[in-house]
Amino acid sequence: MRILVLGGTVFLSRAVATAALALGHTVTCVSRGVSGAPPVGAEALTADRSRSGALAAAVRGRTFDAVVDVATMSAPWVREALDALDGRYGHWTFVSSVNVYADLSRRGGTVGQATLAPRHDDPGAAPPSERDPDVYGAAKVGSEQAVHERAGDRAHVVRGGLMCGHGDPHDRYGYWANRFARGGRVVVPDSPAQPMQVVDVDDLAAWVVARAEAGTTGTHDGTGPRSTLDRVLAATAEAVGADDLELVRVPGETLRAQDVAIWAGPRSLPLWLPETLWGIADRDVTATVAAGLETRPLAVTARAALAWERELGLDRGRGAGLTAAEERAVLAAHTGG
């Protein structure tokens, strides 16, 4: 197959290109050219999708059996890509997000539940910020709508959950692999009932390619098996934790009093969620598993995440998590000393 990956240089899109190449497909990647090169063996084209017409110029006259688009935020980018390749592709995969759902507290939801109202920005407008989950989700709904309208019965929408593993740029799951490997007393949220789902980026990428090969259509949640944060952290600690590792469970009220943020970002405990958001980490993925998604043991993902953290530097500045000083302050507040 001739596969076009819109991206191909970072995380999921790079993993998709890598998986497609490994299966013997001819892969073309289109990116801005500022985040590195695509995998060896892929053709690299340069286009800045924020510039109207740039993508159309890059792919002019080309046809593809399948297209995979991981556009993060911009519905206009998605519409323009579909228009640029109109009539010249066989199958279209769009990677969306579980943030599209209107009720993020609902546990065990499926792709049939209500989504946010779509956000459609004007062409040429700067993509909205990803920091607001409702704005992010609404932009993804707008993108999904464009894909269904233009690609119709050739469209596959994958609503991605928490992806992790090698190449992860988000500093969330990787924080735990990194911190557990360094050992000592580690602050973890005392939230035993909190659900959690993770999927290794390579597993999701391989599944995306397999579904493109099969011509799968419709919508699926692209995330891993249902579990709890406790079990995810325990399995990660067992896989990569230092010999002197001690997990210190700190109640939510203490964490909030110490201004510890949820999920991601500075001064956060990554993956910790309030009940109002538990639905994004507790999706019913029965249909996805039936469609062939296979996931590796979490220990394998944990080791891949730690290897990536070591490539980046274990002591680097991070986009998410607690610094050593912040963690000591939380521990002191928890123990009273």
Inset, instruction - Give me the angle, in degrees from 0 to 90, between the Cα long axis of helix 133-151 and the longest principal axis of the Cα atoms of the chain, rounded to the nearest 10. - result: 20 degrees
Inset, instruction - Specify the residue with the greatest mean-square fluctuation among 221, 202, 244, computed from a Gaussian network of the chain linking alpha-carbon atoms under 10 Å apart. - result: 244
Legend entry - Listed residue (15, 53, 112) projecting farthest to the positive dipole end of region 2-160, Cβ model: 15
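Round to the nearest 0.05 the FRET efficiency obtained for residue 324 and residue 275 when R0 = 25 Å and r is the Cβ-Cβ distance. Spell out each step's value before the answer.
Values: r = 30 Å, r/R0 = 1.18.
For R0 = 25 Å, the calculated efficiency reads 0.25.
Could you tally the net charge around residue 225, taking each other residue with its Cβ under 14 Å from the Cβ of residue 225, Lys/Arg +1 and Asp/Glu -1?
On the way: positive: 226, 231, 283, 296; negative: 200, 203, 221, 282, 284, 294.
Within the 14 Å Cβ shell, the charges total -2.
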Inset, instruction - Would you please state the base-10 log of I(q)/I(0) at q = 0.09, 0.11, 0.12, 0.16 1/Å for the chain, with intensities from the Debye formula using one equal scatterer on every alpha carbon? - result: -0.48, -0.71, -0.84, -1.40
Inset, instruction - Treat each spin label as a single point 7 Å out from the Cα along the C-beta direction, and report the residue 290 to residue 185 distance in nm. - result: 5.0 nm
Inset, instruction - Could you calculate the contour length gain from residue 299 to residue 83, that is, 0.36 nm times the residue separation minus the distance between their Cα atoms, to one decimal place in nm? - result: 73.5 nm
Inset, instruction - Give me the Debye-computed log₁₀ of I(q)/I(0) at q = 0.09, 0.10, 0.15 Å⁻¹ for region 2-160, equal point scatterers on Cα only, no solvent, two decimals. - result: -0.28, -0.35, -0.78
Inset, instruction - Give me the angle, in degrees from 0 to 90, between the Cα long axis of helix 75-84 and the longest principal axis of the Cα atoms of the chain, rounded to the nearest 10. - result: 30 degrees
Legend entry - GNM flexibility winner over the chain from 284, 230, 259 (Cα, springs under 10 Å): 259
Inset, instruction - Considering only 42, 193, 139, give the residue with the highest GNM mean-square fluctuation for the chain, with springs between Cα atoms whenever their separation is below 10 Å. - result: 193
Inset, instruction - Could you tell me how many degrees, from 0 to 90 and to the nearest 10, lie between the Cα long axis of helix 201-214 and the main elongation axis, the longest principal axis, of the Cα atoms of the chain? - result: 30 degrees
Inset, instruction - Just add up the charged neighbours of residue 287: K/R +1, D/E -1, any other residue whose Cβ is under 13 Å from the Cβ of residue 287. - result: +1
Inset, instruction - Please work out how much length the chain gains when fully extended from residue 103 to residue 267, using 0.36 nm per residue of separation minus the C-alpha to C-alpha distance, in nm with one decimal. - result: 56.4 nm
Legend entry - Equivalent ellipsoid semi-axes, region 1-64, via Cα gyration tensor eigenvalues times 5, rooted, Å: 19, 14, 8
Legend entry - Computed lengthening from residue 154 to residue 51, 0.36 nm per intervening residue step minus Cα-Cα distance: 34.4 nm
Legend entry - Average Cα contact separation per residue, the chain, under 8 Å, 6 or more apart, as relative contact order %: 18 percent
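Just so you know, all these numbers are worked out from the coordinates, no wet-lab data involved. Treat the numbers as computed from the prediction; the structure is a model and nothing was measured. Glycine also receives a Cβ, built like all others from the backbone with ideal geometry; neighbour counts cover every protein chain displayed.
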